[in-house]
Amino acid sequence: MEMNIPVRLCPDTNDWMQRNIKEYNDVFWLVTLEAQMGMESLAIALDMTIFTGKGQADKGQGGRVRMGFDKMKFLRLFSDDDGESHWEDVEVTLDERSFAPPAQNIEISDPEPVKQTMFLRLRSGWNEPIHPTPVAQKLICLSGTVRVTASDGDFRDIGPGDVWHMEDRHGKGHHTKVISKENFESVIIQYE
């Protein structure tokens, strides 16, 4: 399987390059980077999970370094029985399957039935009082950044590419404020 992924050359810069990585074949390149950066820094730079195959690398039996692409993440905001809202990081499992024959298989999650989708824009500086979400919904940020504070005081900055699942339909809710100079634009997916 060949993947074209962005590889960050230095965690402190925006200098990116494109590199084709053939799973299992560019081991020397990855191991060289790991030796220079350390495994944790490499995983952060590649924005993926790095692991060794079947523990063989530790035993010197030709284990291979491979990238783990089997999960994605989203942010979940929910309310507990006392009405307090909290954040949780949720992993979504992806399985390889046929999706658009005759195209090759892709990695995809199980489907979720939805009611409707909408585009949403909040103007720069937009700031509103704390409130619960009206319905269970997901927000996918396209541009801009909002700071969302749960009633327990924990906050997350939601920016381009982030997925926020809102389930705090009762209780105190959350506070949202646009903190970017640009407008916040997103897609809303409602389940009810």
Item to check | Footprinting exposure proxy for TRP126, TRP87, TRP164 (fewest neighbouring C-beta atoms within 10 Å first) | outcome: TRP126, TRP87, TRP164
Checklist entry - When you count, for each residue, the other Cβ atoms within 10 Å and take the mean per peptide, how do 107-114, 139-146 rank with the highest first? => result 139-146, 107-114
Checklist outcome for this item: Under the Karplus relation with 6.51, -1.76 and 1.60 and θ = phi - 60°, whole-Hz ³J(HN,Hα) for the range 139-149, x at Gly and Pro, equal 10, 10, 6, 9, 7, x, 9, 10, 9, 10, 10
Item to check | Too-long pairs where the Cα-Cα distance tops 27 Å, listed order kept, from LYS71/LYS172; LYS115/LYS172; LYS138/LYS181 | outcome: LYS71/LYS172
Checklist entry - What are the trypsin sites (Lys or Arg not before Pro) within the range 118-187 that DSSP puts in a loop, where the Cβ has at most 14 other Cβ atoms within 10 Å? => result ARG123, LYS181
Checklist entry - For the range 131-136, in order, what is each residue's ³J(HN,Hα) by Karplus, 6.51 cos²θ - 1.76 cosθ + 1.60 with θ = phi - 60°, in whole Hz (x at glycine and Pro)? => result 7, x, 6, x, 9, 5
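Rule-based calculations on the coordinates, nothing more; no lab input. Please read all numbers here as calculations on a predicted model, not as lab measurements. A quick note on method: Cβ atoms are made from the backbone with ideal geometry, for glycine too, and the neighbour counts reach across all protein chains shown.
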